[in-house]
Amino acid sequence: MYRHKVDIKFVGLLRLLVMLAACIVLLIFGFLLTEAWPFLFSEHGGQLFTDAVWHPTTGQYNLVPVILGTLYTTIGAVSVAVPFALATAIFCQFYAPRWFGRLYTSVMEVLAGIPSVVYGFWGLVVLVPLVASWQGSGASLLTGILVLSLMILPTGTLLAIAALKQVPSEWIQGSYALGLSRWATIKNIALPASGHGMLNALLLQSTRAIGETMAVLMVCGNSTLFPFGLFEPVRTLSANIALEMAYAMEMHRAALYSSALVLMVMVFILLFLNQFQNRLESTANGKS
Amino acid sequence: MTKSVAFGRKLQHTTPQDISLQSGPPAISIRNLGLSYGGHKVLKNINFEARAGKITALVGPSGCGKSSLLSVVNRLSDLQACKVEGEVFIAEDNILHSAVNVLKLRRRIGMVFQKPSPFPMSIRENLLFPLREYGVKGDQLEKTLEDNLRLVGLWDEVKTRLNDSALVLSGGQQQRLCFARCLSLNPKVLLLDEPCSALDPRSTQIIEALIWHLRESHTILMVTHNLAQARRLADDVAVCCLSDGVGSIVESGKTAQVFDFPAHPVTAEYLGFETAEVRSSD
Ligand SMILES: Nc1ncnc2c1ncn2[C@@H]1O[C@H](COP(=O)(O)OP(=O)(O)OP(=O)(O)O)[C@@H](O)[C@H]1O
Ligand SMILES: [Mg+2]
């Protein structure tokens, strides 16, 4: 293929920028690794999983309850948010009048822009007492799940709507022209054709939920004990780092960096899954 | 030969769900129809009739609103941001009335789009899933699949790869697949938007023969740019032309009448070119 000189320069510039971005990620990873090194790759390393509790002042570093706290809040929030996001996206795209869809989208855009600390504050002031009046202290896994799901809902809905919008209108029209109902069209055409985009949305919002710190920290209670129920307080990895980094020294500090590494690995796994399913999708398209 | 066998079979296998077929095709009568997309007027004063069980060809220059007109007849125009005024009667019902059950309406009307639109699934599923939604079950599914693919002359080309994606088919194959899909649902009215635009002469022949055979049992409204084809197939012709950027029907009537003795100078001009061409090639 013939390439213009300007093209070559432009591509060169793009390459440089991409490498720079990649370098930053690598640098962060390297930094975490060096900081975590004294803990992770010493006789302490195993403590992350074998100690009785996470109690840094007495030299105990069991990270499992915190990892579980992260997983529970994330999975919980995603499972609450997904049905709502999917249902509202389908409603806006296929059932609601055009103006409603547009209005709803702008509302979601505004909600998506609200800083997480505001969600946290709202959770603290409104949701925690509400849950407390039901059971427990209020600052609990349940509250965390609710606040977190509310936080990922706007962007999740927007991404789901975008995925549905990407379905070519010929397919939708073709289906209606055959005398198929809206639901038949959604079920057989719109959802399968947008499944890839939906999954993308789900994984992206999961990464967001895993990394969310402030709001979760404000409503979850932050106990480092094993979480056994919805009404018990939990602590997440990110909250753990935010809470203890200010005063952590030596081994404790390195242990926190190790937990940051664990968090990063979890995010990487999700991103990798995302890449993997993108790859799958494109090979499937290439074949079909 | 094989064609007529296939048609014979098609007519034989009328099952209970085909009974609607036997009540005969309805006439379509369009009165004072106007259409505009967001304030931009595309059609006005459309008046003509597509007789029951006949082929009506809709011809006219590109962009005069033929596809838009077809989309009003099965209320696909509802999906666009467009405003429709006037009346469209199918049999006795004004289908533009807001109380009309659009789903039922569309089940009586089959449409083949100008741009082929197979769904992103296998060739088999393209036909089977609408049938299943219509409540067809069991062996009937596979049989209907084969019958209709044979009707459009596609069976031999795809029988070994029914499970491949329909999107890898060529343009012409996709067009015939969509035709087969539309026929499999037994509509009584057919809206064909340039059904042969992507076809080679051989496939065109098959489809033309098919349209001809469907004539008695279906009311067919067909858009075509191929005036020779309109002349060959159509009982009636409606000529759509642009004036001041708005499309309207300038003339309609029996094919021979319109082609040989066009009453309107615009029609004469539009048809003149092709008529001369057909004459010289005869
Ligand atoms: N969805 C739409 N929104 C806005 N304008 C439209 C839309 N569809 C069609 N139009 C406009 O309406 C006019 C008629 O379009 P239409 O597709 O009906 O023409 P046509 O007669 O079928 O042309 P062709 O022979 O090229 O298929 C065109 O000017 C087109 O730009
Ligand atoms: Mg057209």
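The values are calculated or read from the model by the stated rules, or taken from the named source; none is laboratory data. Note that this is a predicted model, so its numbers are computed, not measured. No Cβ is skipped: glycine too gets one built from the backbone with ideal geometry, and neighbour counts run over all protein chains shown. The area values use the complete protein model at the heavy-atom level, side chains included, leaving out ligands, DNA and RNA. Shrake-Rupley method; radii C 1.70, N 1.55, O 1.52, S 1.80 Å.
Structure notes:
- Taking only the Cα atoms of the protein assembly as shown, the ratio Rg/Rh comes out at 1.13, with Rh defined as the Kirkwood radius.
- Pairwise centroid distance, computed over Cα atoms, of the stretch A:37-104 with the stretch A:244-286, Å: 12 Å
- Largest accessible area first, the residues A:THR283, A:THR207, B:THR267 order themselves as A:THR283, A:THR207, B:THR267 under a 1.4 Å probe with ligands, DNA and RNA left out.
- Compared with the alpha-carbon gap, the fully stretched path from A:LEU225 to A:ILE8 is longer by 72.4 nm at 0.36 nm per residue.
- In summary, the lysines within cross-link reach of B:LYS44, defined as a Cα separation below 17 angstrom excluding same-chain residues under 8 places away, comprise B:LYS66, B:LYS83.
- 0 to 90° range, to nearest 10: angle between helix B:201-214 axis and chain B longest Cα axis: 90 degrees
- Of B:GLY245, B:ILE55, A:ALA184, farthest towards positive along the dipole that unit charges on Lys, Arg, Asp, Glu beta carbons give the protein assembly as shown: B:ILE55
- Heavy-atom accessible area buried between chains A and B is around 1900 Å² (1.4 Å probe, both sides summed).
- Eigenvalues of the alpha-carbon gyration tensor of chain A, scaled by 5 and square-rooted, set the equivalent ellipsoid semi-axes at 39, 29, 16 angstrom, largest first.
- Unit charges on C-beta of K, R, D, E only; dipole of the protein assembly as shown, Debye: 700 debye
- Antiparallel bridges, percent of DSSP beta bridges restricted to the protein assembly as shown (to nearest 5): 60 percent
- Between the Cα long axis of helix B:139-151 and the first principal axis of chain B there is an angle of about 50°, rounded to the nearest 10.
- Expected 222 nm ellipticity per residue - DSSP helices of 4 or more, -39500 (n - 2.57), all of the protein assembly as shown, to 500: -18000 deg cm²/dmol
- Couplings 3J(HN,Hα) for the stretch B:49-55, derived from phi with the Karplus relation 6.51 cos²θ - 1.76 cosθ + 1.60 (θ = phi - 60°), are 10, 9, 5, 5, x, 10, 9 Hz, where x marks Gly and Pro.
- Annotation: for a label point projected 7 angstrom from Cα along Cα→Cβ of A:MET249, no residues of the stretch A:2-39 have a backbone N closer than 15 Å.
- Ligands, DNA and RNA are left out, and with a 1.4 angstrom probe the accessible area of the stretch A:66-242 is 42 Å² per residue.
- Between A:PHE91 and A:SER137, the simple label model (points 7 Å from Cα in the Cβ direction) yields a spacing of 3.6 nm.
- A:SER79 accessible area, 1.4 Å probe, all protein chains in place, Å² to nearest 10: 70 Å²
- Taking one quarter of the surface of the convex hull spanned by the alpha-carbon atoms of the stretch A:59-114 gives a direction-averaged projected area of 5.3 nm².
- Pairwise FRET efficiency - A:THR58 versus B:SER36, Cβ, R0 = 60 Å, nearest 0.05: 0.15
- Rel. contact order, % - alpha carbon contacts under 8 angstrom, at least six apart, chain B: 26 percent
- These residues, A:HIS44, A:HIS4, go from largest to smallest accessible area, 1.4 Å probe, as A:HIS4, A:HIS44.
- Top of B:ILE109, B:ILE206, B:ILE220 by mean-square fluctuation, Gaussian network on chain B, Cα under 10 Å: B:ILE206
- Amide hydrogen neighbours beyond the local backbone of B:ASN94, cut-off 5 Å, H modeled: none
- The solvent-accessible area of B:ARG202, taken with every protein chain present and a 1.4 Å probe, is close to 140 Å².
- Loop sites in the stretch A:194-255: chymotrypsin sites (Phe, Trp or Tyr not before Pro), DSSP, at most 13 other Cβ within 10 Å: A:PHE228, A:TYR247
- Vicinal HN-Hα couplings computed from phi for the stretch B:67-78 (Karplus, 6.51 cos²θ - 1.76 cosθ + 1.60; Hz; Gly/Pro x): 5, 4, 4, 4, 5, 6, 5, 10, 6, 5, 4, 4
- Relative contact order (%) - the stretch A:66-242, alpha-carbon pairs under 8 angstrom, separation at least six: 38 percent
- Among B:ASP156, B:ASP93, B:ASP147, B:ASP139, the sequence by solvent-accessible area, most first, with a 1.4 Å probe is B:ASP139, B:ASP156, B:ASP93, B:ASP147.
- Of the GluC sites (Glu not before Pro) in the stretch B:48-124, the ones in a loop by DSSP (not H, G, I, E or B) with at most 11 other beta carbons within 10 Å are B:GLU92.
- Under the span-like rule (Cα at least 20 Å along the axis, Kyte-Doolittle mean at least 1.6), DSSP H helices of chain A: A:5-40, A:64-90, A:141-165
- Cut-off 15 Å, label 7 Å out along Cα→Cβ of A:SER42, residues of the stretch A:60-91 by amide N: A:60-61
- Using equal-weight Cα scatterers in the Debye expression, the normalised intensity of the stretch A:240-287 in log10 at q = 0.16, 0.20, 0.27 Å⁻¹ is -0.56, -0.68, -0.90.
- Using only alpha carbons, the stretch A:93-173 has a radius of gyration to Kirkwood radius ratio (Rg to Rh) of 1.15.
- Gaussian network model of chain A, Cα within-10 Å springs - most flexible of A:THR58, A:THR74, A:THR50: A:THR58
- Rg then Dmax, both in Å and based on the Cα atoms of chain B: 18.7, 57.
- Using alpha-carbon coordinates, inclination of helix B:171-184 to the longest axis of chain B, degrees: 80 degrees
- When chain B is treated as a GNM with alpha-carbon contacts under 10 Å, the residue of B:SER252, B:SER117, B:SER217 showing the greatest mean-square fluctuation is B:SER117.
- Apportionment of accessible area to carbon and sulfur, the stretch A:66-242, percent (1.4 Å): 72 percent
- FRET efficiency estimate (nearest 0.05) - Cβ-Cβ, B:ASP93 to A:ALA21, R0 56 angstrom: 0.35
- Compared with its chain on its own, the stretch A:176-212 contains the following residues whose accessible area drops by 30 Å² or more in the full protein assembly (probe 1.4 Å; ligands, DNA and RNA excluded): A:TYR176, A:ALA177, A:LEU178, A:GLY179, A:LEU180, A:ASN188, A:ILE189.
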